[in-house]
Amino acid sequence: PRTSVITGAASGIGKATKELLEQRGERVIGADLHDTEVVADLSTAEGRSSLVDAVRKVSGGRIDAIYAVAGLDFPIAATAAVNFFGAVATLEGLRPLLKDSDAPRAVVVSSMAALFATDDELVAQLTTGDEAGAMARAEVLAKEPTTGGLIYCSSKLALSRWVRRQAATEAWAGAGIPLNAVAPGVIATPMTAELTATEEARTALLKQVPMPLNGIADAIVVARLLAWLNSVENTHLCGQIVYIDGGSDAVMRGDSV
Ligand code: NAD
């Protein structure tokens with residue numbers, strides 16, 4: 001069976017993906033802050049390297065697929081650390097373990113929030129890999145309620161761009177590894193529980209994130225797409241940001257393709 005690594009496996013989309021793959025007979029090594037095979041804090045450099053060390057040990061040095069799902073949506077600097085640097089470190093750190101797979105695959109969870117307002121300075125710092133600068137900028141944004149939300153959107157925009165820039169390089173496509181992202185709309189998980197708790201809150205949220213096709217989705221909906229992108233069947237889908245958002249991208253970006 002294939003061996004997959006999933007970060008954020010203790011909750012929401014990561015948990016649903018782990019359960020789906022296990023039902024299909026795959027071996028899954030889950031990683032998260034708690035309640036998983038591997039415990040690692042992706043907000044720090046030490047946590048990121050301990051993830052790689054632990055996965056190398058538990059897997060025996062060979063894996064088939066990486067699912068970088070872990071993320072935070074609080075208006076705090078750690079959100080940029082986990083969502084961008086944690087995700088990139090997961091993908092780059094675990095990539096060498098894909099070397100002996102017959103069908104190596106990698107996918108990361110971005111967000112349709114990348115289409116909302118972002119902070120140019122933070123996006124530039126993330127994109128150039130300047131973690132110290134990005135953290136300092138995020139601390140400034142976190143101080144004001146009006147700018148705190150820019151941290152999440154900026155982290156996801158930088159992550160989507162990272163996938164666009166990396167996917168076709170020697171390290172990924174050149175090594176036979178499809179690298180893609182998914183960009184979910186509103187998904188019912190603990191992350192959105194408060195935002196979707198009442199009919200009123202849901203209506204307000206869907207005004208911001210229009211989802212004309214079937215509205216708010218369950219985590220399994222995203223899990224099935226992630227599983228396909230990382231399956232043996234995916235031989236040519238590469239460098240895409242696949243919006244799984246009930247149509248919000250089509251509403252918001254219209255003719256942009
Ligand atoms: P969730 O909160 O249920 O799960 C996120 C998981 O990430 C948690 O188990 C958490 O412990 C883990 N995590 C957070 N910080 C971590 C750290 N420092 N180190 C290791 N693990 C850490 O949320 P979810 O909705 O399942 O989110 C999964 C991904 O989907 C995230 O990247 C999120 O940004 C993205 N996303 C979610 C939605 C949505 O509507 N729920 C929409 C778009 C994108």
Next item on the list: Just order 183-190, 231-238 by mean Cβ neighbour count inside 10 Å, highest at the front, would you?
Entry: 183-190, 231-238
Check: Given Cα pairs under 8 Å that are at least 6 residues apart, what percent is the relative contact order of the chain?
Finding: 20 percent
Next item on the list: Heavy atoms only, probe 1.4 Å: what % of the accessible area of the chain goes to carbon and sulfur, would you let me know?
Entry: 54 percent
Item checked: Per residue solvent-accessible surface (Å²) - the chain, probe of 1.4 Å -> 45 Å²
Notebook entry, point to check: Accessible surface of residue 59 in the full protein assembly, 1.4 angstrom probe, to the nearest 10 Å²?
Noted result: 20 Å²
Checklist line | Projected label distance in nm at residue 253 and residue 45, using a 7 Å step from Cα toward the beta-carbon | finding: 3.4 nm
Item checked: Additional length obtainable on full extension of the chain from residue 224 to residue 143, 0.36 nm per residue less Cα span -> 25.4 nm
Checklist line | Alpha-carbon centroids, the stretch 150-179 and the stretch 186-248: separation in whole Å | finding: 19 Å
Notebook entry, point to check: Taking Cα pairs under 8 Å and at least six residues apart, what relative contact order does the stretch 135-257 come out at, in percent?
Noted result: 32 percent
Notebook entry, point to check: Ranked by accessible surface with a 1.4 Å probe, highest first, in what order do 165, 56, 95 come?
Noted result: 165, 56, 95
Checklist line | Stretchable slack from residue 62 to residue 213, in nm (0.36 nm times residue separation minus alpha-carbon distance) | finding: 50.4 nm
Checklist line | Cα shape, the stretch 133-218, gyration tensor, a/c 1.5 rule | finding: oblate
Checklist line | Added length on full extension, which subtracts the Cα-Cα distance from 0.36 nm per residue, residue 128 to residue 33 | finding: 31.5 nm
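The values are calculated or read from the model by the stated rules, or taken from the named source; none is laboratory data. Only a predicted model underlies this, so the values are computations on that prediction, with no experimental measurement involved. Cβ sites come from the backbone with ideal geometry, for glycine too, and all protein chains shown count toward neighbours. Accessible surface is based on the protein model in full, side chains and every heavy atom, while ligands, DNA and RNA are left aside. Shrake-Rupley method; radii C 1.70, N 1.55, O 1.52, S 1.80 Å.
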